[in-house]
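Note sheet for the following structure.
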Amino acid sequence: MVENNTQENTGEFGRMLKLEKLEFKKNRLAVGSSVPEESRRRLLKGFFAAGALAGLAGYLYWPNRWQYIVIHHSAGNYGNIEFLQRVHRQRQAGDPIDAIPYHFIIGNGNGMRMGEVASDWRKEHNLWGAHVSSRNSYRNFLGLGICMIGNFEKYEVPSAQFESLINLCSRLMIDYNIPVENINGHGLVKNEMTLCPGKYFSVTKLREELSKRIDGQV
């Protein structure tokens, strides 16, 4: 696993995250606040629109900052956007963003079509993720989270779902110039204490397939 400028990223982006989260708290955007969901979304969009106008460099950097891809499994047999939004509200009620914690999810045929890719407004507005712990805040800020619906600690990854993951990752790698060594499973990120995405998910195989796909397009 390659860690690029971890200390530098953690310091710089940690400060940015703290400032942004403080601004959210001022606007009472936390889940469960008295502000309705649609109002929270309007305030959030207005906040980022104002931030974008603060400087052209910042505007250009924000949607193109992605340097990592982190793969997860849902650890459950059923899943879709609405279901994972509800789960996220229950498990991470302090997250000011009322969305799934990932940027993409890939269906397993139960709740979504097999291999179907879906996302919500977290990716639409290129907001930071909530898919790794606070020990790796920079991976939330600089890393795209992809969740595969299913439990790969118990079951093999369906081939159609894995192929969909390869297609999605290869597109993101090209769009954001992400190197293959910066693609990892959640539990393989330094200091993350989890079995995710499960013993039957092979990051090595994913990287090999992505290298073939990307090399073939160069």
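The values are calculated or read from the model by the stated rules, or taken from the named source; none is laboratory data. The structure displayed is predicted, hence computed values, not measured ones. Positions of Cβ are backbone-derived with ideal geometry, glycine not excepted, and every protein chain shown enters the neighbour counts.
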Need pairs with beta-carbon distance below 7 Å; first residue surrounded by fewer than 18 Cβ atoms within 10 Å (Cβ to Cβ) and within segment 163-180, second modelled with pLDDT under 95 and assigned to a helix (DSSP H, G or I); sequence gap 6+ or separate chains.
I166/R213; Y176/N64
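Yes/no matrix, rows are residues, columns are (1) within 20 Å of I166 (Cα to Cα); (2) surrounded by fewer than 23 Cβ atoms within 10 Å (Cβ to Cβ); (3) over 8 Å from the mean Cα position of the chain (by Cα):
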position	(1), (2), (3)
G109	yes, yes, yes
W121	no, yes, yes
A130	no, yes, no
S134	no, yes, yes
Across (1) touching a Lys or Arg at 6+ places or on another chain (Cβ under 9 Å); (2) not in a helix (DSSP H, G or I), E156 clears everything bar (1)
Does H186 satisfy the criteria of being within 22 Å of I81 (Cβ to Cβ), crowded, with 22+ Cβ neighbours inside 10 Å and at pLDDT 95 or above?
yes
Can you tell me which residues in segment 122-139 are in contact (Cβ under 8 Å) with a residue 24 or more places away in the chain and in a helix (DSSP H, G or I)?
R122, R135, N136, S137, Y138, R139
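Okay, residues lined up against (1) modelled with pLDDT of 95 or more; (2) within 20 Å of G185 (Cβ to Cβ):
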site	(1), (2)
A93	no, no
A99	no, no
A118	yes, no
W128	no, yes
F141	no, yes
L144	yes, yes
I149	yes, yes
Spot the failing condition for Y200; the list is (1) touching a residue at least 40 places away in the same chain (Cβ under 8 Å); (2) assigned to a helix (DSSP H, G or I), and only one is missed.
(2)
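Determine which member of the set L172, L195 is within 14 Å of H73 (Cβ to Cβ) and either among the aliphatic types (A, V, I, L, M) or part of a helix (DSSP H, G or I) (or both). Please lay out each step first, then the result.
Working: L172 fails: within 14 Å of H73 (Cβ to Cβ).
Of L172, L195, the one residue that is within 14 Å of H73 (Cβ to Cβ) and either among the aliphatic types (A, V, I, L, M) or part of a helix (DSSP H, G or I) (or both) is L195.
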Return the pairs, sorted by first residue and then second, in which the second residue is of a type in the set (F, W, Y), the first residue lies in segment 72-101 and is in contact (Cβ under 8 Å) with a residue 12 or more places away in the chain, the beta carbons are less than 6 Å apart, and the residues are 6+ apart or on different chains.
H73/F152; P96/F24; A99/W121
Tell me yes or no: at least one residue of segment 105-121 is out of contact with any Pro (no Cβ under 8 Å at 6 or more places or on another chain) and part of a helix (DSSP H, G or I).
yes
